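The values are calculated or read from the model by the stated rules, or taken from the named source; none is laboratory data. Remember, predicted model here, so these are calculated numbers, not experimental data. Positions of Cβ are backbone-derived with ideal geometry, glycine not excepted, and every protein chain shown enters the neighbour counts. To get the accessible areas, we keep the full protein, side chains included, count just its heavy atoms, and leave off ligands, DNA and RNA. Shrake-Rupley method; radii C 1.70, N 1.55, O 1.52, S 1.80 Å.
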Amino acid sequence: MKKIYIIAGVLILLGIGLLISAAGDMSTYSTFREAARIEAKVKVVGKLAKDREMYYNPTEDPNYFSFYVSDNEGEVRKVILRGAKPQDFELSEQIVVTGKMDGGDFLASELLMKCPSKYKDEEVFLQKES
Amino acid sequence: MQELQYFGEHLWPGRVGHFSIILSFVAALLAAFAYGRHSRNSDATTGWLKLGRWSFLLHSAATLVTIATLFYIMLSRYYEYQYAWAHVSDDLPFAYIFSAFWEDQPGSFLLWAFWHVVLGIILMRTAREWEGPVLVVMSLLQAFIMSMLLGLYLLPDSDAIKIGFNPFLLLRDTMDAPIFANADYLQLITGKGLNPLLQNYWNTIHPPTLFLGFASVSVPFAFTMAALAKREYKAWIKPVLPWALFSASILGIGILMGSAWAYEALSFGGYWAWDPVENMSLVPWIVLVAGIHTNLIAKSTGHSIRSTMVFYAIALLLVLFSTFLTRSGVLQDSSVHAFTELGLEWQLVLFILVFSGWFLWIYLRRYRDIPVKEEEEPTSSREFWMFIGSLVLFFSALLITFTTAIPVYNKLADGLGWLTGQDLTGWHRSMPVDPITHYNRYQFWIAVFIAVLSGGTIFLRYGRSLASGAVRALLTRMGLHVILAMVMTTLTWWWLDYAGWVYHVLVLASWFSVISNLDYLLFFLKGRLKQGASTLSHVGFGLMIIGIVASGLKKEHISYNRFAMEGLLSRDMIDRNVLLFKNSPLFIKGYEVTYLSDTLIGHTRTYAIDYIQRDEEGRVIDEFTVQPSILFDREFKKQAASNPSTKRYFTKDVFSHIAGLPNEQADVERAKVKEDSLRYLLYSVLPDSVRSAGRLSISLQNWSDQAVHPDYTPEKGDQVIAARLQIRSEDLDSTLTCMPMIVLRDNLVYSYPVKVDRVGAKVRLTDAVFSGFLMPDDSLYYRPVELGAGDSFDFGGYTITLDGFDKSPQHVQFESEEGDIAVAANLLIQTHSAAGYRETQSPIFLVRGNQPYNIKSYSPATGIHTRFVKLNPENGKVTIWVAQQPDFEGLTFEVADNYEREDYIVLETILFPLINLFWLGGLLLMLGLGLAAWNKRYRKNELS
């Protein structure tokens, strides 16, 4: 048996170990109910509740932005982002927030939003115009 | 439906373009076939070789025509084409047409194809005996890429099976809108233009470099396939090496450019975020570098031929996988910069399956054929440790890919669920909650490993163990390196003040690599870079890692108010943004920042922000101004992009970006809502008195008929009134001055209000100020006065003095004509108090065609009307008529004091220490690869 095979074998075992441990980092998309139960940092997918208030007043606190998200189970919660309001936030369709529940609110440290493709709204625009 | 005859459309470029796509596709297939026949039996079939060459050249020409046509459509702004309409606009500068070209999938496929064409032609001229099989691979790759643009439907009258997305589609064919019922619709539409985020010079140079990198990964793969096909397992090792080195160098530079773009122009606040799209460009590079190392082993010792083949193949397959991930829409939940979906998923999957299947099939069939050296690598030989290093690199790539591909597993679960009829969405997994920590945790130890190996292995020799005497010498030398590295690590630690022993390990390993490689370059190679290109890359790698530790670990948001935050929150909860009012300095960590000014040029508003650093005695030790900007969209309705600005030092960067604007400035609709919510109240103020308006006290300083407002563009015949008002407020220790203005133009009134942000008020003049001008003379009681120059008299609380005459008077209502005799009397009107209010009126006396006329003067501040009616030649005096407007209460104006101030920005400032080490190291790394490629390039005399 060549030494290099032994070392390669060890490395492969090590690699598999690392992969298994890396898989432990993967998370599932959660819901507000789940987040309240496990009290840990989770990702929640949902939609922006456009009929509810979106609040950002920098003169009061430039690091406080709140809005409401309806998660995949339809539960609507207030989400507080410690940060500035992102650009084009109103346009977002789907939202992924990372954070944890704090009382009845969801305290988000990160936010990813999915905006509609620009083709769609232009189509609407064209139809309105003519 | 009746066929409409449209006006003004240019249909020929679309036909030429689509035809050239099909031609390019067919010619690529033909080239692959002909080259393939030639490769099977190269001696007897020069006819096939000729056909292969001509087909590839035809394919190249057709590809270039496709690119030129698409470019022509965009350049000519033929908005009847969807691609032009969606990506350019009339006002898009020429330089950004390139960016617009590859903004979307078809353009970037063409960019990729373009580089394949260039590389293919170079290979045709230089690859000699490898030309046939290498070009088979290149042509097939091209056929697949061009098929993405075919836009053909397999089944008639159904769009169920579509091959490719044709970029030459007409807008009216891609969407169904009522506007297309108009035959002249082209008059009504205009292009949408390029996404403002992409209007940046980085987006002009980054994609071509990256795609040259991607395209050049195909060449080592093509050589691998050629070697397997020809069963020549040794002859390919030398010619493939410079190609692999070139590819790694260019791809690496492309990736670095991408991170420079992200750092400099986008507001991500960093140069690497472990975003899936970033990862998938890095991973092929890592595997390619692993392949280069085994390739070097194979060249010197004959070991590791199989691994080299596998690595080069995987590098290309990862490029294809990356293409799939970024272009299929699977990443939309997890990446900020994936392309939008075009429905090419199955085609992209087929692309990967065909090439991986092809490689596996031929590799496994030849597996036993590939020579393997019987004798074992000595443990202290260079190849032994280089091979270990390559394996480690490969694992690094594997780990990154494993996590990045999570969305693919979800799709697979969906597929399985569809097959078995179960709902498997419960199997879905998301990206790690904290991706940066996740990736860093694993790549950390890999980096330690690589640094140690690249530092130690360089002193070993190929093919033999060290002699026992040499072991001693080497160990001493390395001991010295370790000691030097420890010194440097201590210095780095002292400089950066980081915590955690693991970082010491990484920094130590990196310095060890830097020092060993420098030592090798300077003392063993005597500085001859020709043999030492690899040391350059290793030094670069070490420096880059130190730069990453410094700028990543000690990256610090300094934009928080240190007085407000002290002792309140833990470090990771410190707020990232501060509110900065115009001209009010604020203390953030280490600096005093002031928002000085902002200027709007075109669609970009640039802000000047001043940073001052003081020592303990308060002396200024450093001062600089940064200019971040906000780009607005074309209609000025919304904020489109925020461009950061960075002050660079040798040892650190201070990165500033505007994280937020007042809602009203970012969005016109919000501004309108706000304007509508203002409560204006009407006030009037007489000279030398103070009017209290809510919490404000307002007095009149003077007024003018000259324009003062920055938004006003004068027109002939405009009658202007601008008042200078002084504002005091209880919570203000100084007096503010503002000048609202109003204009009468063609019987319409235009008001130019002013914002007084400091006191939260908005002030405007109303049309009531014009009432005096429109007042008929018979409602006024004029008092005639005879005056000589310098004479004065009292009138209604004012002293009026004749201050002289003006022989060429100016007045809106006066247009001088030939033969006019016109003269104005300058009347100084002032209150009785010493430093009180004063104004000048200049009524005009005019003789035109022997008829005397006069033009009156009026002040909306004093309500005094004056006329200059007569010259009295007998005593040298003049007659003036003066009247006071009845019931005059002073200058009228309106104040809304519920206006929320909007003279502020939300600022985010980040300190990146030693970030220059990252750039310097990265560049050195790629430069070393490039230099090695150049040194090992094909030379005529060597091959023969």
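What the table below lists for this structure:
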read-out	value
Over 26 Å [Cα-Cα, region B:1-199], rounded percent	42 percent
Among B:280-292, A:92-104, the order from most to least packed when residues are scored by Cβ within 10 Å on average	B:280-292, A:92-104
Length-normalised contact order of region B:1-153 in % [C-alpha pairs under 8 Å, at least 6 apart]	33 percent
Lysines whose Cα lies under 28 Å from that of B:Lys856, excluding same-chain neighbours fewer than 8 positions away	B:Lys716, B:Lys807, B:Lys870, B:Lys877
For peptides B:695-702, B:215-222, B:356-363, sequence by mean Cβ density within 10 Å, most packed first	B:215-222, B:695-702, B:356-363
Karplus-derived HN-Hα couplings along region B:593-600 (A = 6.51, B = -1.76, C = 1.60, θ = phi - 60°), whole Hz, x at Gly and Pro	10, 9, 7, 7, 6, 8, 9, 9
5 angstrom amide H check on B:Tyr680, placed H, neighbours 5+ away	none
Sequence ranges B:26-37, B:876-887, ranked by mean other-Cβ count within 10 angstrom, highest first	B:26-37, B:876-887
Expected 222 nm ellipticity per residue - DSSP helices of 4 or more, -39500 (n - 2.57), all of the protein assembly as shown, to 500	-14500 deg cm²/dmol
15 Å Cα-Cα reach of B:Lys674 towards aspartates and glutamates, excluding residues that sit fewer than 8 places from it in its own chain	B:Glu664, B:Asp757, B:Asp897, B:Glu900, B:Glu902, B:Asp903
Filter on A:Lys2/B:Lys238; B:Lys230/B:Lys373; B:Lys50/B:Lys162; A:Lys41/B:Lys582; A:Lys47/B:Lys637 - keep pairs with C-alpha separation over 31 Å	B:Lys50/B:Lys162; A:Lys41/B:Lys582
Heavy-atom accessible area per residue - region B:212-284, 1.4 Å, Å²	23 Å²
Approximate spin-label separation B:Thr606-B:Ser356, in nm, with each point projected 7 Å along Cα-to-Cβ	5.0 nm
Chain B, relative contact order [Cα under 8 Å, separation at least 6], %	10 percent
Loss of accessible area when B meets A, both sides summed, Å² nearest 100, probe 1.4 Å	5100 Å²
Whole-percent carbon and sulfur share, accessible surface of the protein assembly as shown, 1.4 Å	58 percent
1.4 Å probe accessible area per residue over region A:28-116, in Å²	48 Å²
Average partner coverage of B:173-185, which counts Cβ from other chains inside 10 Å	3
Quotient of Cα Rg and 2.2 N^0.38 Å for region B:778-887, N being how many residues it contains	1.06
Estimated distance in nm for a label pair at A:Asp105 and A:Leu14, the labels positioned 7 Å out from Cα along Cα-to-Cβ	4.7 nm
Rg/Rh ratio calculated on Cα atoms of the protein assembly as shown (Kirkwood radius)	1.09
B:Ile821/B:Phe636 FRET efficiency (R0 30 Å; Cβ-Cβ; nearest 0.05)	0.05
Cα-Cα separations in region A:28-116 greater than 23 Å, expressed as whole percent	14 percent
Global geometry of region B:105-264, whether rounded, prolate or oblate, following the gyration tensor of its Cα atoms and the 1.5 cut on a/c	oblate
Residue-by-residue Karplus 3J(HN,Hα) for region B:288-305, coefficients 6.51, -1.76, 1.60, Hz, glycine and proline x	4, 5, 4, x, 4, 5, 5, 4, 5, 4, 4, 5, 8, 10, x, 7, 6, 5
Average beta carbon contacts from partner chains per residue of B:391-399, 10 Å cutoff	3
Too-long pairs where the Cα-Cα distance tops 27 Å, listed order kept, from B:Lys530/B:Lys652; A:Lys3/B:Lys299; A:Lys43/A:Lys85	B:Lys530/B:Lys652
Approximate spin-label separation B:Val708-B:Trp54, in nm, with each point projected 7 Å along Cα-to-Cβ	8.3 nm
Test item: Cα-centred dipole of chain B, Lys/Arg +1 and Asp/Glu -1 on Cβ, debye	5780 debye
Net length gained if the chain between B:Tyr750 and B:Ser692 were fully extended (0.36 nm per residue, minus Cα distance)	18.3 nm
Derived scalar couplings ³J(HN,Hα) [region B:232-246; Karplus, 6.51 cos²θ - 1.76 cosθ + 1.60; whole Hz; x for Gly, Pro]	10, 8, 10, 5, 7, 4, 6, x, 6, 4, x, 5, 5, 5, 4
Amide H contacts under 5 Å for B:Gly191, placed H, 5+ residues apart	B:Asp90
For B:Asn643, distant residues with modelled amide H under 5 Å away	B:Ser629, B:Ile630, B:Leu631
Per-residue average of Cβ from other chains inside 10 Å of A:76-84	3
